[in-house]
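What follows is one structure encoded as structure tokens, with my remarks underneath.
The values are calculated or read from the model by the stated rules, or taken from the named source; none is laboratory data. This structure is a prediction, so every number in the text was calculated from the model and none was measured. Neighbour counts are summed over all protein chains in view; Cβ atoms, including those assigned to glycine, are modelled from backbone coordinates with ideal geometry. Areas reflect the complete protein model, heavy atoms only, side chains present, ligands, DNA and RNA absent. Shrake-Rupley method; radii C 1.70, N 1.55, O 1.52, S 1.80 Å.
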Amino acid sequence: MSGHILEIRHLSKAFGSHAVLKDIDFTVDKGDVTTIIGASGSGKSTLLRCINLLETLTTGEILFHGQDVTKGKINPSAYRAKVGMVFQSFNLFSNMTVLANCMIGQQKVSHVKKEEARQRALYYLNKVGMAPYINARPDQISGGQKQRVAIARALAMEPEVLLFDEPTSALDPEMVGEVLDVMKSLAKDNMTMLVVTHEMAFARDVSTHVVYMADGVIEEEGPPAKIFTNPDNQRTREFLKRVLNS
Amino acid sequence: MFAQLISDIGSLWAKYGTVYLTGISNTLILSVVATLIGCVIGFFCGILQTIPCGPADPFLKKALLKFIRIILRAYVEVFRGTPMILQAVFIYYGMPYFFGVSFRDIWTVSIIVVSVNTGAYMAESVRGGIMSIDPGQSEGAKAVGMNHWQTMLYVILPQTLRNIMPQIGNNYIINVKDTSVMFIIGFSDFFAVHKMVSGAVFKYFPSAFMEMVGYLCLTLFASFLLRKLEKKLAGKSDYELVSTDSLVMSAGTYSLPEDAVSPFDEISKDYKGGKS
Ligand SMILES: Nc1ncnc2c1ncn2[C@@H]1O[C@H](COP(=O)(O)OP(=O)(O)OP(=O)(O)O)[C@@H](O)[C@H]1O
Ligand SMILES: [Mg+2]
């Protein structure tokens, strides 16, 4: 029995004949902030979606505390409640207020009583600085605010791992900071996170582990200090040169 | 001329007022009840048709869903593709052949026919409504751990309902007018009253005038109510910022289950009052 929270073992994913992920292998431990970087189309989103069981893998397994979650033995809903996800496009429920967005999952999935769900939602909304907006609907707040609410919604389920798929890519530049700030404090708080991002500064300064992907394979992984200053792999070096200079 | 019309209407009303009123209330009740039942049928069919089914699902489930889809398809095509007046005759006079009993309660048959007909139209509207909702909504729901039914009930269907309100209104208005074909099995709706009365006293225009006004009342009032309902479903157009202090106090009673003590407070301060 290993101590890893998540273990991705030999994961492959093909859409028809298009192999998007090939033999992906890595682990996530408690407190890790793992960032996944790589060019557009390299399969980063697909990987996260596989981990959240939004896509079915072609082969391989995903172990959550040592138990395979892909073979239908574990209820996907129960697993997803423990592995939260924050999307690039927020995906807040547009028929609910900010507060209700953060309560519904707790009430219906974790069967938390209404008052407690409310307290918990307020607690996390306060943390992301969105408590004053509890009565607003998603279409009434800005992108950065939506993403902070989405983070609070995920946190309110008290997951063990949070997956982020380019949480700041859909945001206007002036709103990126507020979301990154929230994520930084989560990291400080020892939240276990797996973050797909194009924000190299975040990957370098905040993460504990960096995974570089190209064409559906992990080319290189390691601590940010190593990846960003002295990568072994030629492709990693070229990719970083390209993105850091732009 | 106007004076003549008014006096004719007056005399019609004096003699047949209650008959007209009964007719209009029959039409109103039938179309409201049938539209509501039709919506329920439509939602039910729409939901059944959008149950997700991947290649990984067991054979039995796939076969069952396929079967359900074929049945629903047939239902929709038959009831959209034939005139309601024929459907009424078909069911009313067909019952004795199939069930050995004749269905002599005209209300029951009328409600069944109009509801089932409306349901066929609504099934398509609901299916389209469900499909038009951003897939991100159901992914968001799945990501917090909701299963398919919870996702439907709390996220997708409320949004679908909001989106198809105009179609529901349309169906109601069509029903108000089209229930007049139920005279074929003897249902005395508003229009049947016109035929009966004008046939007896030969005052075609005054009666038709009253009918026009009556039908318009039924439909305009419904349009008005639907607008209100649509506004209500869309929610308030503004919101009030809640003072953070009161929230922090009430949220303060919630204690974290784990060791996590937060360095978030710095952030909360920055964002207090909210940036916009
Ligand atoms: N549902 C799908 N059907 C078919 N192909 C898909 C599907 N989803 C993704 N792909 C393909 O998989 C590849 C990887 O896509 P993915 O979205 O995972 O890339 P990414 O690394 O997240 O890129 P980006 O940085 O632009 O978000 C792409 O070539 C894409 O066309
Ligand atoms: Mg992506």
For the pair B:Tyr204 and A:Ala201, the simple spin-label estimate (label points 7 Å beyond Cα toward Cβ) gives in nm 8.3 nm
The answer for the net charge of residues other than B:Val176 whose Cβ lies under 15 angstrom from its Cβ, with Lys and Arg +1 and Asp and Glu -1, is -2
May I ask which of A:Lys114/B:Lys236; A:Lys127/B:Lys236; A:Lys22/A:Lys241; A:Lys22/A:Lys44 have a Cα-Cα span longer than 20 Å here?
A:Lys114/B:Lys236; A:Lys127/B:Lys236; A:Lys22/A:Lys241
Could you give the length gained by full extension between A:Ala19 and A:His65, i.e. 0.36 nm per residue of separation minus their alpha carbon distance, to one decimal place?
13.8 nm
Over chain A: helical MRE at 222 nm, DSSP H runs n ≥ 4 each giving -39500 (n - 2.57), nearest 500:
-11500 deg cm²/dmol
Please work out how much accessible surface B:Trp149 shows to a 1.4 Å probe, ignoring ligands, DNA and RNA, in Å² rounded to 10.
140 Å²
Quick one: grab the alpha carbon gyration tensor of chain B, order the square roots of its eigenvalues as a ≥ b ≥ c, and give me rounded if a/c is under 1.5, else prolate or oblate depending on whether a/b is larger than b/c.
oblate
Highest-first arrangement of B:187-193, A:80-86, A:4-10, where packing means the average Cβ count within 10 Å
A:80-86, B:187-193, A:4-10
Shape of region B:74-160, Cα gyration tensor, a/c cut at 1.5:
prolate
Express the accessible area of the protein assembly as shown per residue in Å², computed with a 1.4 Å probe while the remaining protein chains stay in the model.
48 Å²
With each run of n ≥ 4 DSSP H residues scored as -39500 (n - 2.57), what mean residue ellipticity at 222 nm is computed for chain B after dividing by its residue count and rounding to the nearest 500 deg cm²/dmol?
-25500 deg cm²/dmol
With +1 on the Cβ of every Lys and Arg and -1 on the Cβ of every Asp and Glu, and nothing else charged, how large is the dipole of chain B about its Cα centre, in debye rounded to the nearest 20?
900 debye
Taking a ≥ b ≥ c as the square roots of the Cα gyration tensor eigenvalues, with a/c under 1.5 meaning rounded and otherwise prolate when a/b beats b/c or oblate if not, region B:49-91 comes out prolate
Other chains near B:235-241: what is the mean number of their Cβ atoms within 10 Å of each residue's Cβ?
6
Once the dipole of region B:30-188 is set up with Lys and Arg at +1 and Asp and Glu at -1 on Cβ about the Cα centre, which of B:Ala143, B:Phe44, B:Thr108 lies farthest towards its positive end?
B:Ala143
Sulfur and carbon atoms: percent of accessible area, chain A [1.4 Å]:
49 percent
How many square angstrom of accessible surface are buried between B and A, both sides summed, with a 1.4 Å probe and rounding to 100?
4200 Å²
Please state the charge dipole magnitude for region B:30-188, taken about the Cα centre, from unit charges on C-beta atoms (+1 on K and R, -1 on D and E), reported in debye and rounded to the nearest 20.
220 debye
Selected from A:Ala78, A:Thr168, A:Thr56, residue furthest toward positive end of dipole (chain A; charges at beta carbon):
A:Ala78
Whose amide H sits under 5 Å from the amide H of A:Gly60, counting only residues 5 or more places off or on another chain, with H placed in the peptide plane?
A:Ser12
Across peptide A:82-93, how many C-beta atoms of other chains are within 10 Å of each residue C-beta, on average?
4
Relative packing of peptides B:55-66, A:172-183 - highest average C-beta neighbours within 10 Å first:
A:172-183, B:55-66
Per-residue mean of C-beta atoms belonging to partner chains within 10 Å, peptide A:133-140:
5
Only Lys, Arg (+1) and Asp, Glu (-1) charged, at Cβ; the protein assembly as shown dipole about Cα centre in debye:
1560 debye
To test your reading of the geometry: what angle, between 0 and 90 degrees and rounded to tens, separates the Cα axis of helix B:59-81 from the longest principal axis of chain B?
40 degrees
In order through region A:199-210: 3J(HN,Hα) via Karplus (6.51 cos²θ - 1.76 cosθ + 1.60), integer Hz, x for Gly, Pro:
7, 5, 5, 4, 4, 6, 8, 9, 7, 9, 8, 10
Provide the solvent-accessible area of B:Val33, counting protein heavy atoms only and rolling a 1.4 Å probe, rounded to the nearest 10 Å².
50 Å²
